[in-house]
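Read-outs throughout are calculated quantities, based only on the coordinates presented, and are distinct from any laboratory measurement. Because the structure is a prediction, the values reported are computed rather than measured. No Cβ is skipped: glycine too gets one built from the backbone with ideal geometry, and neighbour counts run over all protein chains shown.
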Amino acid sequence: MPNLYRRLLQLIPSPCIVCGKSSRAAYSLCPDCETDLPWAGPCCIRCGEELPATSPDPRSCAGCTLHPPPFASCRAAFRYQSPIDSLLSGFKFKARFEAGNVLALLLAEKIAQHYANTTAPELLLPVPLHPKRLRQRGFNQALEITRVVSKKCGIPFSRNAIVKMRDTTAQTEMHSANARKQNLKNAFSVANKAILQPVKSVALIDDVVTTMATVSSVSRELRGCGIRHIEVWCLARASR
Ligand SMILES: [Zn+2]
Ligand SMILES: [Zn+2]
């Protein structure tokens, strides 16, 4: 495509990914729809679940106080509610990359703001897909989100430091915490120890965190590899 034509295309506002009207913004989301998105509210700093107004501890939920997860924090840009759920499934299952790109940009802005005041992780790691799922889908949504975050925040990423060895049943179909843990036992493996060896802190990136079983399983592998500090960032946090 000639350069001039490409530059002209960038000047034309693309339709909003939620309402379809002209977005009048630098990306495909109009200001009204952006305001109305289900932005994450006050959450437990460890697991990212929304804290009830009656919580005795304003920072941590009772579950995390009793059994802290194997990562330092899990943070999300959004609650997994309409229209985030349908935008995300459009991105994952119908390859609607514009929706994925806009949501990843909003997450990247939140992450950049967060690390303006605190030490950023040395490396970003997308939660991997099993090679069979990757072939079916054609892309790993977590990797596509990670690319946007990496560019915005200036933090490098590795796409192949961890791999998924077993094609597991969807975690949301497992009905007990123990079944979810067993389902993911040895599912992930560190494939590139050389990349991780000098690294002490990482941030795992995923599209949706629901049960924490996946990010916990990856975190345990990373801790076994000497990573001391693990943070988790996701586009949307669903309640268990
Ligand atoms: Zn709109
Ligand atoms: Zn918690």
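Can you give the FRET efficiency to the nearest 0.05 for K151 and T54, using r as the Cβ-Cβ distance and R₀ = 45 Å?
0.65
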Using the 10 angstrom Cβ neighbour count as an exposure proxy, how do R237, R24 rank, fewest first? R24, R237
Karplus couplings for region 199-215 from phi (6.51 cos²θ - 1.76 cosθ + 1.60, θ = phi - 60°), rounded to Hz, Gly and Pro as x? 8, 10, 9, 9, 10, 7, 10, 9, 7, 10, 10, 10, 9, 6, 5, 5, 5
If you find the alpha carbon centre of region 36-63 and of region 188-213, how far apart are they in angstrom? 24
Rank-order 120-127, 31-38 by packing density, defined as the average count of other C-beta atoms within 10 Å over each peptide's residues, highest first. 120-127, 31-38
Violating pairs (Cα-Cα greater than 29 angstrom) within the set K21/K110; K94/K152; K94/K200; K152/K193; K21/K92; K21/K164: K94/K200; K21/K164
Expressed in nanometres to one decimal, the distance between label points 7 Å along Cα→Cβ at S176 and A62 is 2.2
With 10 angstrom as the radius, rank I111, I155, I195 by how many other C-beta atoms surround their C-beta, starting from the fewest. I195, I155, I111
Pair A191, E122: separation of 7 Å Cα→Cβ label points (nm): 2.2
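Report the gain in length on full extension from A112 to K94: 0.36 nm times residue separation, minus Cα-Cα distance, nm rounded to one decimal. Write out the running numbers ahead of the final one.
Numbers: separation 18, 0.36 × 18 = 6.48 nm, distance 2.86 nm.
Residue separation times 0.36 nm, minus the Cα-Cα distance, leaves 3.6 nm.
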For the chain, find the longest principal axis of its Cα atoms and tell me its angle to the long axis of helix 141-153, 0 to 90°, nearest 10. 70
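Please rank T118, T211, fewest neighbouring Cβ atoms within 10 Å first, as an exposure proxy. Show your work: numbers first, answer last.
Values: T118 6, T211 16.
Starting with the residue having the fewest Cβ neighbours, the order is T118, T211.
Ranked highest first by average number of other Cβ atoms within 10 Å, how do 129-135, 158-164, 89-95 line up? Write out the running numbers ahead of the final one.
On the way: 129-135: 13.4, 158-164: 18.7, 89-95: 15.1.
The most tightly packed comes first, giving 158-164, 89-95, 129-135.
If Lys and Arg each add +1 and Asp and Glu each add -1, what is the summed charge of the other residues whose beta carbon sits under 14 Å from the beta carbon of C225?
Numbers: positive: K193, K200, R220, R223, R228; negative: E122, E221.
Once positives and negatives cancel, what remains is +3.
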